[in-house]
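One structure below.
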Amino acid sequence: RRNQVAGALVSAILDHTEFSMAVTVIPRVYDRLTTKQWRSKYGTAYASCVSGILIGLIEYLDISDGEALTLNIFLEDGHAHAGEAEEVIRDYKAFSDPNVDAIRVVTDPALRIGDYGRLTKEAASPLWAADLLSYCVYSQIVRRDAFCTEIMQTIHSRIPGFGVHLGDEQIHTMVQDSVLGENLTREWKEDMHRLVK
């Protein structure tokens, strides 16, 4: 029965998906390499994965050299940090909305967000496919699961797949970049204060 369900999901993915994208992180590693204070300011492992997906989508759409694409993004309801992940999406939506009067980027972003929110698997069957892909990518990394490897090989034999794993090195870089950003912001504020005086 497990194989039948997985086979039906894989068939649906192959029939209705243009590409797959995944960002993974092992939460206990993320928590070990960051502090509680840092996570409260910059986000939990879940929020970092959502940010990574948005960055990946922007890069993919830029490379594909098409017009700006508006996507609806829905997370599965029930995750403890889903609200925080929604904030990441909401912030990006505000940044990329051409109708919002704010500081403009030089070029239009390749990705715009339409609707976003949380849904259950009962209300949105594409979440079943996303859940399978997430589970398989994570299981490949953590457990070297042969069943999941076979599923992902089948999917990626027909549709392109992209992804990144946020391991020790990437998490260290995120923490270091945040400190550098804070220092630059502080220096800029000090410079502006001196100029105003």
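The values are calculated or read from the model by the stated rules, or taken from the named source; none is laboratory data. No experiment lies behind these values; they were computed from the predicted model shown. Cβ sites come from the backbone with ideal geometry, for glycine too, and all protein chains shown count toward neighbours. We work out accessible area using only protein heavy atoms, side chains counted, and drop any ligands, DNA or RNA first. Shrake-Rupley method; radii C 1.70, N 1.55, O 1.52, S 1.80 Å.
Show me the GluC sites (Glu not before Pro) within the range 104-197 that DSSP assigns to loop and that have at most 15 other Cβ atoms within 10 Å of their Cβ. Walk me through the numbers before you get to the answer.
On the way: sites: 122, 150, 169, 182, 187, 190; in loops: 122.
Answer in residue order: 122.
So between residue 173 and residue 189, what do we pick up on full extension, going 0.36 nm a residue minus the alpha carbon distance?
Working: separation 16, 0.36 × 16 = 5.76 nm, distance 2.41 nm.
So the extension gain works out to 3.4 nm.
Using a 1.4 angstrom probe on heavy atoms only, work out the carbon and sulfur share of the accessible area of the range 117-185 in %.
57 percent
If you count only protein heavy atoms and use a 1.4 Å probe, how large is the accessible surface of residue 188, to the nearest 10 Å²?
150 Å²
Once both labels are modelled 7 Å past Cα along the beta-carbon direction, what's the residue 28-residue 97 spacing in nm?
Taking the two extended label points, one gets 4.1 nm.
Residue 77 versus residue 11, label points 7 Å from Cα toward the beta carbon: distance in nm?
3.0 nm
What residues qualify as long-range amide H neighbours of residue 22, i.e. H under 5 Å apart, gap of 5 or more or another chain, H built at 1.01 Å from N?
The answer is 162, 163, 164.
Ignoring ligands, DNA and RNA, what accessible area per residue does the chain give at 1.4 Å, in Å²? If you can, show how the numbers build up before the last one.
Values: 13100 Å² over 197 residues.
That works out to 66 Å² for each residue.
With only Lys, Arg, Asp and Glu charged, each at its Cβ (+1 for the first two, -1 for the last two), find how big the charge dipole of the range 1-40 is about the Cα centre; round to the nearest 20 debye. Can you show the working numbers first?
Numbers: 6 positive and 3 negative charges, 83 e Å.
With only Lys, Arg, Asp and Glu charged at Cβ, the dipole is about 400 debye.
Find out how many positive minus negative residues lie around residue 171, taking Lys and Arg as positive, Asp and Glu as negative, among other residues whose Cβ is under 13 Å from that of residue 171.
Numbers: positive: 28, 32, 39; negative: 31, 168, 169, 177.
My count for the surroundings of residue 171 gives -1.
In degrees between 0 and 90, to the nearest 10, how far off the longest principal axis of the chain does helix 168-196 point, with axes built from Cα atoms?
Orientation of helix 168-196: about 30 degrees from the principal axis.
I want to check the label-to-label distance for residue 41 and residue 154. Put each point 7 Å from Cα in the C-beta direction and report it in nm to one decimal.
Taking the two extended label points, one gets 4.7 nm.
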